[in-house]
1. I'd like the full set of residues that are under 17 Å from residue 337 (Cβ atoms) and either at pLDDT below 95 or assigned to a loop (DSSP other than H, G, I, E, B) (or both), limited to segment 416-446.
2. I'm told residue 27 meets every condition in (1) out of contact with any strand residue (DSSP E or B) (no Cβ under 9 Å at 6 or more places or on another chain); (2) touching a residue at least 24 places away in the same chain (Cβ under 8 Å); (3) over 18 Å from residue 260 (Cβ atoms); (4) acidic (Asp, Glu) except one. Can you identify the failing condition by its number?
3. I'm told residue 50 meets every condition in (1) more than 14 Å from the chain's Cα centre (by Cα); (2) in contact (Cβ under 8 Å) with a residue 24 or more places away in the chain except one. Can you identify the failing condition by its number?
4. Looking only at segment 160-203, count every residue that is within 57 Å of the chain's Cα centre (by Cα), in a strand (DSSP E or B) and over 29 Å from residue 247 (Cα atoms) and tell me the total.
5. For the structure I just gave you, tell me whether residue 132 is in the same structural domain as residue 89 (by TED's automatic domain parsing), touching a residue at least 40 places away in the same chain (Cβ under 8 Å), part of a helix (DSSP H, G or I) and within 25 Å of the chain's Cα centre (by Cα).
6. Could you list, in sequence order, the residues of segment 326-375 that are in contact with a Leu (Cβ under 9 Å, 6 or more places away or on another chain), aliphatic (A, V, I, L, M) and more than 27 Å from residue 49 (Cβ to Cβ)?
7. When the residues of segment 239-265 are narrowed to those that are of a type in the set (Asp, Glu) and within 37 Å of the chain's Cα centre (by Cα), which ends up surrounded by the fewest Cβ atoms within 10 Å (Cβ to Cβ)?
Amino acid sequence: MPVSVLYGSSRLGASIETREPPKCFHDLNLDQVIAAVTAGRESYDLTPIFHSPLPHVVSIRYRQEVFRDFERSEVRVHVTWFAERMRAVREALAVEGKLYYALQQQRWHLDAVAEYCEAVNGLANRLGASELRSEGLRALRNGLDGYTHSTQFQSLCAETEGLQADLAGIAYTVRIHGKRVEVARYDGEGDYAAEVLETFGKFRQGAVEPRAFSFRSASEMNHIEAAILERVAALHREVFRRLAEYCERHRDFRDPLVLDFDRGAQFFLAWLEFLAPLKKAGLRFCYPDVSERTDAIRGFEMFDLALAHQVVVEGGQVVVNDFELHDPERILVVSGANQGGKTTFARAIGQMHYLATLGCPVPGREAHLSRIDQVLTHFEREEYVETLRGKLENSLERMRVILELATARSLLIMNESFDATTVSDALYLNRWILGQVMRRDLLCVCVTFLDELASLSRKTVSFVAEVDAEDPSKRTFKVVKRPAEGLAHAMAVARKHRLTYEQIKERIGS
């Protein structure tokens, strides 16, 4: 079995790739990210790869190593060259499939194989002279070396080159007598192009500035051209017989190893291309240290990738944040000012964990994470009129499904869950849900206005969206690990606007 740059020697690719996006994608805005990453590469069908987290730490580290190789310009240049050649192969085959005349189809097929042979030999030679550090690319190099030296491939290249030379050596004459066209073997007739140039050369006055002209170059022949080609083939039956047999024998000429790398390489190139402008803007990316289970989980200088992409395009500044948990801490309770960056902070943690399971560089300077099997999200939804359910009932039903799916390896992100009910009911429901989370030992981020949730147990830890110390109405979008103080924030805002009890009494009295 060929070794894949995406999955190694395992058969994971066939078993885990899915076209359905994970349910967390919309809540985490990862649907926006992947749409931007894969734009222009639709023919490679990359989205199933991004929908499919890797189930083992060893697979994650394997893919990280390949990413590190791709980040080196020497390797990236070679792979980009190969990708351009393979794109030409696909384009030639696409044209072949649209053509009507068999002889023309055969020539396009021959040219596609010739482009393929050049691409494979070129990649093998280039990688052979490169220092490769990842197991994936070293295995690819070994596989290509064996393939290019195989009798089958060398025979394909030699036969292709021979047929191209034979076809290039065919010469014929076309004589036109009114509506009659005669095709014959070339027999040393004069070169009319040279005669025309010589005839009109005497009218030339001084140096002539070269000019470029565009000519129509349709891939499809008209019926006259097709008839001429058929007569040429009749004059050179042996060459065209071999061409027809060649195309039949080499209908499926592309090797699985080459096809797998052609697609897999685009996954790495697309992600690094998407990150390039963000890196240029000064944002940091890292390869997270992923373990099956670690007592310390942390991420430094992380950010919401979807938001950062938008902000950088608009020329704005991206705010980065840190988070850190130590055993027995498992639940981040994020409170603070409205529109202070709490949801963005939660999304960033979810994105970091999910992207880590793909083996991708993630937003942040440094990250140490436990491998998760899934990201589960509970964000508030509008009422479902078609199901006659209210907002609270729908929220409870979705949470029931989430808890059924959750395992000790899952990450749950709750964003102001059950805010459609009263404060007392919301507090009761959230306490009960977080109790279930603790019993299942889930990793959890809970964005809430209920400060009491931050002190439920030793597993909960408080993070607060900070405001400007001088002006509490201004958001800093920094989220820090410290005790919740919602009432203190409310009092600070009230004092700023002279709305405390004492200030109101004073104003009424005056």
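The values are calculated or read from the model by the stated rules, or taken from the named source; none is laboratory data. Keep in mind that this is a model prediction, so the values were computed, not measured. Positions of Cβ are generated from backbone atoms using ideal geometry, with glycine treated the same way; all protein chains shown enter the neighbour counts.
1. Answer for segment 416-446, where residues must be under 17 Å from residue 337 (Cβ atoms) and either at pLDDT below 95 or assigned to a loop (DSSP other than H, G, I, E, B) (or both): 416, 419.
2. Just one mismatch for residue 27, condition (1).
3. For residue 50, the exception is condition (1).
4. 3
5. no
6. 331, 332, 333
7. Only one residue tops the list, namely 252.
Residue-wise test of (1) surrounded by 16 or more Cβ atoms within 10 Å (Cβ to Cβ); (2) aromatic (Phe, Trp, Tyr); (3) in contact with a helix residue (DSSP H, G or I) (Cβ under 6 Å, 6 or more places away or on another chain).
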{"residue": "101", "(1), (2), (3)": "yes, yes, yes"}
{"residue": "108", "(1), (2), (3)": "yes, yes, yes"}
{"residue": "123", "(1), (2), (3)": "yes, no, yes"}
{"residue": "139", "(1), (2), (3)": "yes, no, no"}
{"residue": "146", "(1), (2), (3)": "no, no, no"}
